[in-house]
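Student: Right, I'll just put the structure down here and ask away after.
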Amino acid sequence: MKAASRAADLRRILERANHAYYLLDKPEMSDAEYDRLFRELQALEEKHPELRTPDSPTLRVGGEPATGFRKHRHLVPMLSLANAFSEAELQEWEERNARLVPEVKEAGYTLEVKIDGAAVSLTYEDGVLVTGVTRGNGLEGEDVTTNLRTVLDLPLRLQGRGWPRKMEVRGEVYLPLTQFAETNTQREKAGEAPYANPRNAAAGALRQLDPKKTRARGLRVFTFQIEAPGTKLGIESQHELLETLHKWGLPVESHHTRAKDLADANTKIRKLEALLPTLDYGADGVAVKVDNRALYAELGTIGNREPRWSVARKFAPEVQVTKLLDIRINVGRTGALNPYAVLEPVEIGGVTVSNATLHNADLIAAKDIRIGDAVEVTRAGEVIPQILGPAPGRPRGEKPFRMPERCPSCGSQVEHPHDEVMTYCPNISCPSRILESIVHFASRSAMDIRGLGYERVRALLDAKLIANVGDLYKLTPMQLLTLEGFAEKSAQHLVDSIAASKRQPLSALLFGLGIRHVGAQGAKMLARHFGTLESLSRASAEEVGAVRGIGPAIAEAVAGFFADPRNKELLRNLEKSGLTLKETETATGPRPLADQTYVVTGTLPTLSRQQARELIEAAGGHVSDSLSKKTTALVVGGDPGSKLDKAEALGIEQIDEAELLRRANRKP
């Protein structure tokens with residue numbers, strides 16, 4: 001068929017042009033010629049839809065907006081790197097590895113610029129990109145394939161040969177700094193708030209429901225790792241792996257280099273540190289990887305968190321001096337008064353900083369921070385602005401800061417519990433508390449109501465369509481259409497999202513209610529112990545405190561919450577709205593591990609660390625990261641580490657995965 005042949009030729013020509021332009025920086029054709037061929041391919045595919053293949057360049061334009069993202073489980077968990085902030089810590093990392101695998105000191109290292117972007121996993125089957133997923137929780141992420149296809153330097157079909165039939169390629173999607181600056185300029189001209197940093201802008205672009213908006217952002221990608229379970233890659237070193245990725249047409253950061261030993265690595269890392277500020281993309285250190293990949297299996301991982309064969313060499317954070325213009329208060333969902341600093345804008349690591357958290361009054365007093373001070377500012381973890389203290393030898397403010405005696409939002413007399421550092425507004429109807437509490441209620445880790453952020457919640461409150469979280473379930477599309485920013489489709493989508501949240505389990509609801517001191521893990525413990533909201537609401541503080549892992553402060557807060565008449569009324573309304581007021585069936589069924597505590601060490605034969613945790617908790621047990629005399633048993637897998645020795649010293653029973661499954665009434 002002539003059309004099929006021409007379409008295949010056009011795909012090949014256009015992808016070669018993309019590769020030359022974005023990876024080799026050597027354009028092969030003019031923009032006008034590229035556009036002419038692109039439109040020809042589009043016309044062919046519109047006339048013959050069966051000719052559109054998964055690697056067609058036309059897919060890079062983006063399709064129709066999505067209504068959400070489905071979950072996708074990674075073939076192999078996506079791990080995070082531990083940090084080494086000095087040469088001494090890097091030496092300690094090598095020594096720990098050498099105690100497990102002495103050959104590591106002679107294996108050499110590959111050094112890679114560590115890109116500060118959004119981690120992704122790209123599945124290629126028979127050389128064609130079929131799935132692109134965000135990191136998520138490391139075990140599963142969100143399928144953003146359509147958005148990733150708009151990243152123009154990401155090949156939709158690999159070049160060369162020799163790749164596994166199916167593999168996951170790991171990488172970082174980033175926004176070039178020049179593009180970031182241009183994007184913020186355009187946003188400010190349009191009256192929109194600028195993005196905080198390139199990483200957040202990249203991550204946000206990946207989660208755009210409209211892929212055309214993702215494409216407009218101008219994202220790029222670097223790759224650095226392959227996962228192909230059950231396949232022998234025949235690649236002996238990490239440096240060779242990077243070269244192989246490059247041969248396949250995948251973008252690889254160009255400054256990677258080999259080091260024969262740690263001393264050589266330190267010398268080259270110092271050179272890379274000087275290079276990082278000159279790059280057109282955010283970089284937050286150097287990834288140091290054992291070069292000999294044959295040692296990776298022996299070195300293993302620490303749980304499902306981080307590999308032993310790699311570490312991130314981070315550098316001292318940049319510190320700038322600026323003026324503290326004011327200290328203001330934000331009232332949180334629990335009523336906590338959170339002070340924050342308003343700063344004379346200053347650039348730190350390519351990001352303009354004008355605000356910084358101050359945590360609490362005790363910290364402000366300890367650092368003696370005053371309005372009008374010249375202060376030293378950095379970005380903790382290269383993300384969160386933080387004031388280190390007054391700049392030595394620079395002008396000081398006159399008056400020490402004092403927390404207000406009345407809530408700045410509603411005027412209520414504040415409370416300062418004697419055993420806490422925080423100050424609280426006790427008014428549950430405080431406007432600031434209501435705003436924050438509804439946003440928290442809708443968050444992904446709570447009721448997961450997509451599309452309900454600060455601006456929409458504020459608009460709903462201002463229009464008096466809602467007064468608390470219970471009112472969300474009474475909203476109709478017609479009401480939403482009266483608000484600016486809502487069209488018929490988006491209004492229906494939000495109402496549907498609110499309705500879907502009714503299926504969330506009791507643990508999500510408890511966390512979403514924002515009970516003081518009750519985090520996500522505490523909410524799970526309470527939900528699994530009591531099973532239903534009714535049972536928990538009738539429990540005394542003593543009964544709540546008897547739950548393993550729940551302390552007296554949490555117990556008093558929970559009992560106090562359910563005793564408040566206003567909260568009782570809210571919960572009655574939620575029940576009438578049809579919310580799930582019980583925990584999942586697995587959690588409320590048999591509890592063979594009730595009141596037992598387990599610690600897991602090493603790599604289990606079939607269960608990941610997260611799966612083992614979920615198994616134990618679903619059976620009523622508790623999982624701890626550290627051993628104590630209260631530990632029921634240590635679950636031991638391959639490469640168990642020092643916890644095995646400690647368990648033996650404490651006389652704690654050691655069991656394997658099969659025994660854990662037996663105790664939890666699960667078949668191995």
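The values are calculated or read from the model by the stated rules, or taken from the named source; none is laboratory data. Just so it is clear, the structure is predicted and the values come from calculations on it, not from any experiment. Using ideal geometry, Cβ is built from the backbone for each residue, glycine included, and neighbour counts are taken over all protein chains shown.
Student: Looking at G162, is it closer than 27 Å to T58 by Cα, within 19 Å of the chain's Cα centre (by Cα), of a type outside the set (D, E, K, R) and surrounded by fewer than 20 Cβ atoms within 10 Å (Cβ to Cβ)?
Tutor: Against the criterion (closer than 27 Å to T58 by Cα, within 19 Å of the chain's Cα centre (by Cα), of a type outside the set (D, E, K, R) and surrounded by fewer than 20 Cβ atoms within 10 Å (Cβ to Cβ)), G162 does not qualify.
Student: For segment 405-519, which helices (runs of 4 or more DSSP H) that fit wholly inside it have 3 or more residues that are polar (S, T, N, Q) and closer than 19 Å to D564 by Cα?
Tutor: No helices (runs of 4 or more DSSP H) qualify here.
Student: Further, regarding this structure: Under the condition of being modelled with pLDDT under 80 and farther than 22 Å from P277 by Cα, which residue from segment 165-193 is surrounded by the most Cβ atoms within 10 Å (Cβ to Cβ)?
Tutor: R187
Student: Then there's this: Counting only residues that are surrounded by fewer than 22 Cβ atoms within 10 Å (Cβ to Cβ), more than 19 Å from D373 (Cβ to Cβ) and not hydrophobic (A, V, I, L, M, F, W, C), which one in segment 311-329 is modelled with the lowest pLDDT?
Tutor: P317
Student: Considering only segment 520-535, how many residues are surrounded by 15 or more Cβ atoms within 10 Å (Cβ to Cβ) and either in contact with a His (Cβ under 8 Å, 6 or more places away or on another chain) or over 22 Å from P565 (Cβ atoms) (or both)?
Tutor: Final tally of qualifying residues: 8.
Student: Quick test for you: out of T580, T606, pick the one residue that is among the hydroxyl-bearing types (S, T, Y), surrounded by fewer than 18 Cβ atoms within 10 Å (Cβ to Cβ), at pLDDT 80 or above and assigned to a loop (DSSP other than H, G, I, E, B). Before the answer, list the steps.
Tutor: Numbers: T606 fails: at pLDDT 80 or above.
Selected residue: T580, the only one of T580, T606 that is among the hydroxyl-bearing types (S, T, Y), surrounded by fewer than 18 Cβ atoms within 10 Å (Cβ to Cβ), at pLDDT 80 or above and assigned to a loop (DSSP other than H, G, I, E, B).
Student: Right, next: Among the residues of segment 612-668, what is the count of those that are of a type in the set (A, V, I, L, M, F, W, C) and on the phi > 0 side of the Ramachandran plot? Full working, then the answer.
Tutor: Just the residues of segment 612-668 that are of a type in the set (A, V, I, L, M, F, W, C), to begin with: 612, 615-616, 618-619, 623, 627, 633-636, 644, 647, 649-650, 652, 655, 658, 660-661, 664.
Keeping just the survivors that are on the phi > 0 side of the Ramachandran plot gives none.
Adding up the residues that qualify gives 0.
Student: Residues P198, P164, P211, P155: which one is touching a His at 6+ places or on another chain (Cβ under 8 Å) and touching a residue at least 24 places away in the same chain (Cβ under 8 Å)?
Tutor: P155
Student: Right, next: Tell me whether segment 336-343 contains one or more residues that are of a type in the set (F, W, Y) and more than 30 Å from R406 (Cβ to Cβ).
Tutor: Checked segment 336-343: no residue is of a type in the set (F, W, Y) and more than 30 Å from R406 (Cβ to Cβ).
Student: Continuing with this model, one more query. Among the residues of segment 627-648, what is the count of those that are free of Cβ contacts under 8 Å to residues at least 24 places away in the same chain and charged (D, E, K, R)?
Tutor: Of the residues in segment 627-648, 4 are free of Cβ contacts under 8 Å to residues at least 24 places away in the same chain and charged (D, E, K, R).
Student: State all residues of segment 425-446 that are under 10 Å from A336 (Cβ atoms) and either of a type in the set (D, E) or more than 29 Å from the chain's Cα centre (by Cα) (or both); if no residue qualifies, say none.
Tutor: Within segment 425-446, C425, E436 qualify.
Yes/no matrix, rows are residues, columns are (1) modelled with pLDDT of 80 or more; (2) in a loop (DSSP other than H, G, I, E, B); (3) among the charged types (D, E, K, R):
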site: A612; (1), (2), (3): yes, no, no
site: L627; (1), (2), (3): yes, yes, no
site: K630; (1), (2), (3): no, yes, yes
site: V635; (1), (2), (3): yes, no, no
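Student: Related question: Within the set of pairs 6+ apart or on separate chains, which have a first residue in segment 117-142 that is over 16 Å from T214 (Cα atoms), a second that is assigned to a loop (DSSP other than H, G, I, E, B) and among the polar types (S, T, N, Q), and C-beta atoms under 7 Å apart?
Tutor: G138/N304; L139/S608
Student: How about segment 118-164: which of its residues are under 30 Å from F315 (Cα atoms), outside any strand (DSSP E or B) and either in contact with a Lys or Arg (Cβ under 6 Å, 6 or more places away or on another chain) or among the aromatic types (F, W, Y) (or both)?
Tutor: D153
Student: Shifting gears a bit: Kindly provide the set of residues from segment 256-288 that are of a type in the set (A, V, I, L, M, F, W, C), without any contact (Cβ under 8 Å) to a residue 12 or more places away in the chain and under 22 Å from I348 (Cβ atoms), ordered by number. If you could, list the steps in order and put the result at the bottom.
Tutor: Within segment 256-288, the subset of a type in the set (A, V, I, L, M, F, W, C) is 259, 262-263, 265, 269, 272, 274-276, 279, 283, 286-288.
When the remaining residues are screened for being without any contact (Cβ under 8 Å) to a residue 12 or more places away in the chain, the result is 263, 274.
The one that is of a type in the set (A, V, I, L, M, F, W, C), without any contact (Cβ under 8 Å) to a residue 12 or more places away in the chain and under 22 Å from I348 (Cβ atoms): A274.
Student: Quick check on G372: is it farther than 26 Å from A316 by Cβ, touching a residue at least 60 places away in the same chain (Cβ under 8 Å), among the small types (G, A, S) and in a loop (DSSP other than H, G, I, E, B)?
Tutor: Criteria not met by G372.
Student: So which residues in segment 123-136 are crowded, with 22+ Cβ neighbours inside 10 Å and either of a type in the set (A, V, I, L, M, F, W, C) or modelled with pLDDT under 90 (or both)?
Tutor: V133
Student: Got a sec? Which strands (runs of 3 or more DSSP E) wholly within segment 212-295 have at least 2 residues that are assigned by TED's automatic domain parsing to the domain that holds G127 and among the aromatic types (F, W, Y)?
Tutor: Result: 220-227.
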